[in-house]
Amino acid sequence: MRVVAIKRCGQDMVLAEIWSCEENKALIQTLARIRGRKWQAIEEAMLMRELRERHCLSQPRIAHLLGCNQSWVARRLALIDVLSDEILDLVRKGHISAWAAARVLAPMARAIPEHAHILAERLAKDPISTRDLTEFYRYYQESNRKKRERMIQDPGLFIKALRASQEKDQAEVLKGGPEGKCLKDLQIVRHILSRLRRQVPTVIYPGQSNLDRRVLLTAFDETQKGFISLEQDIRRLHDLSRHETGNSDIASKEEQDQGDCQDSQDFQEHGPSCIAGTSQSEALDNLQPGGHCSYQGGLPALPGQQSGSGKSLRNVMILTYLIAH
């Protein structure tokens, strides 16, 4: 092959290294000595098969000559043994990469040889990138039989549909902003919380060892500390935003009352009061005569903090902390 390449380049001289040994020993040395790029797994397997079939060397002998263990040689040979000659020919011709043959087609050929053959033909006609092929194979492993049949018939179409779906999801995330992402995370946490509650009778039970229970309770205590910090931040920011909104509402109400009220004495008597029809959040900010805002009561309760639902929100925040870490 090097002589042919030299002729195509118009050269009349080729540099060669002469080895005074048999061909099988030369192949062993070629495989053992790594110069330049690293051998692909499929290339190593092809050379080992050449040693096994044409030079009649056993797997233990090949492993001994290469300085490797027998399991490594067996895995390499199994890789090429499961691929059909048609797929190997496509690899030799460069229509399919050695990476795709080793990481995707070989595992698929062990389980469903027909799908591996179809996929190899599709990749030879319409190649897809390594990244797309990796994602395709991941979805293939998680899909049912009917969906696999559709995927394998047109991998390129599946990749296009997947990209369109991902772009749509990204657009929705961008449209929803941080609030939309937070809402989605809370929905996920709610489902995780339901699953954990079903698991509690299984993981905490009578007769459980102190070590196992201590590990669970320690993890819960650490999570609860994070929840307390998160709850304090939420309450502080929630209360601050309510007061800022209330102060701006006070100023607008005073201007409206001063414009509508003709009698200053009557204005002093009643003072700026809450306008009928205001929202419940505005009604919580009670105003004193003179236009000063006085907040009565404790911290405003967050939505979902009443009765038993408060525990649910507490658990949701605990799960949110777990997911973040």
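The values are calculated or read from the model by the stated rules, or taken from the named source; none is laboratory data. What you are looking at is a predicted structure, and each value in this text was computed from that prediction instead of being measured. For neighbour counting, all protein chains shown are included, and Cβ atoms are generated from backbone atoms with ideal geometry for every residue, glycine included.
Residues that are among the hydrophobic types (A, V, I, L, M, F, W, C) and at pLDDT 60 or above: find the helices (runs of 4 or more DSSP H) completely inside segment 186-293 holding 3 or more of those. Spell out how you get there, then give the answer.
Working: elements: 210-260, 264-270, 280-283.
Where helices (runs of 4 or more DSSP H) fall fully within segment 186-293 and carry at least 3 residues being among the hydrophobic types (A, V, I, L, M, F, W, C) and at pLDDT 60 or above, they are 210-260.
Could you list all residues from segment 4-18 that are loosely packed, with under 10 Cβ neighbours inside 10 Å and not in a loop (DSSP other than H, G, I, E, B)?
V4, R8
Would you please name the residue that is surrounded by the most Cβ atoms within 10 Å (Cβ to Cβ), looking only at residues in segment 134-147 that are within 17 Å of I112 (Cα to Cα) and within 19 Å of the chain's Cα centre (by Cα)?
Of the residues in segment 134-147, the ones within 17 Å of I112 (Cα to Cα) are 136-147.
With the extra rule that they be within 19 Å of the chain's Cα centre (by Cα), the set shrinks to 136-143.
Details: F136: 21, Y137: 19, R138: 10, Y139: 14, Y140: 19, Q141: 11, E142: 9, S143: 15.
Among those residues, the one meeting the criterion is F136.
When segment 111-133 is examined, which residues are found to be of a type outside the set (D, E), surrounded by 14 or more Cβ atoms within 10 Å (Cβ to Cβ) and in a helix (DSSP H, G or I)?
Just the residues of segment 111-133 that are of a type outside the set (D, E), to begin with: 111-113, 115-120, 122-125, 127-131, 133.
Okay, now just the ones that are also surrounded by 14 or more Cβ atoms within 10 Å (Cβ to Cβ), so 112-113, 115-120, 122-124, 127-128, 133.
Correct list: P113, H115, A116, H117, I118, L119, A120, R122, L123, A124, L133.
Just to check your reading of the model, which residue among R52, R148 is out of contact with any His (no Cβ under 9 Å at 6 or more places or on another chain) and over 21 Å from M1 (Cβ atoms)? First the steps, then the outcome.
Values: R148 fails: out of contact with any His (no Cβ under 9 Å at 6 or more places or on another chain).
Matching residue, one of R52, R148: R52.
Taking the conditions exactly as written (within 26 Å of S129 (Cβ to Cβ), without any contact (Cβ under 8 Å) to a residue 40 or more places away in the chain, surrounded by fewer than 11 Cβ atoms within 10 Å (Cβ to Cβ) and of a type in the set (D, E)), does E179 satisfy them or not? Steps first, answer last, please.
Working: within 26 Å of S129 (Cβ to Cβ): no; without any contact (Cβ under 8 Å) to a residue 40 or more places away in the chain: yes; surrounded by fewer than 11 Cβ atoms within 10 Å (Cβ to Cβ): yes; of a type in the set (D, E): yes.
So E179 fails the test.
Output the number of the condition that I159 fails; it satisfies all remaining conditions of (1) more than 30 Å from D126 (Cα to Cα); (2) β-branched (V, I, T); (3) without any contact (Cβ under 8 Å) to a residue 60 or more places away in the chain.
It is condition (1) that I159 fails.
Evaluate segment 40-63: report whether one residue or more is surrounded by fewer than 14 Cβ atoms within 10 Å (Cβ to Cβ), acidic (D, E) and either in contact with a helix residue (DSSP H, G or I) (Cβ under 6 Å, 6 or more places away or on another chain) or not assigned by TED's automatic domain parsing to the domain that holds Y137 (or both).
Kept after step one, since they are surrounded by fewer than 14 Cβ atoms within 10 Å (Cβ to Cβ), are these residues of segment 40-63: 53-54, 56, 58, 60.
Filter again for acidic (D, E), leaving 53.
Now drop any that are not either in contact with a helix residue (DSSP H, G or I) (Cβ under 6 Å, 6 or more places away or on another chain) or not assigned by TED's automatic domain parsing to the domain that holds Y137 (or both), which leaves 53.
Yes - at least one qualifying residue is present in segment 40-63.
Tally time: how many residues in segment 148-176 are more than 30 Å from A116 (Cα to Cα), among the aliphatic types (A, V, I, L, M) and surrounded by 13 or more Cβ atoms within 10 Å (Cβ to Cβ)? Break it down stepwise before answering.
Keep residues of segment 148-176 that are more than 30 Å from A116 (Cα to Cα), which gives 168-176.
Those still in the list that are among the aliphatic types (A, V, I, L, M) too: 171, 173-174.
Filter once more, so that each one left must be surrounded by 13 or more Cβ atoms within 10 Å (Cβ to Cβ): 173.
Qualifying residue count for the region: 1.
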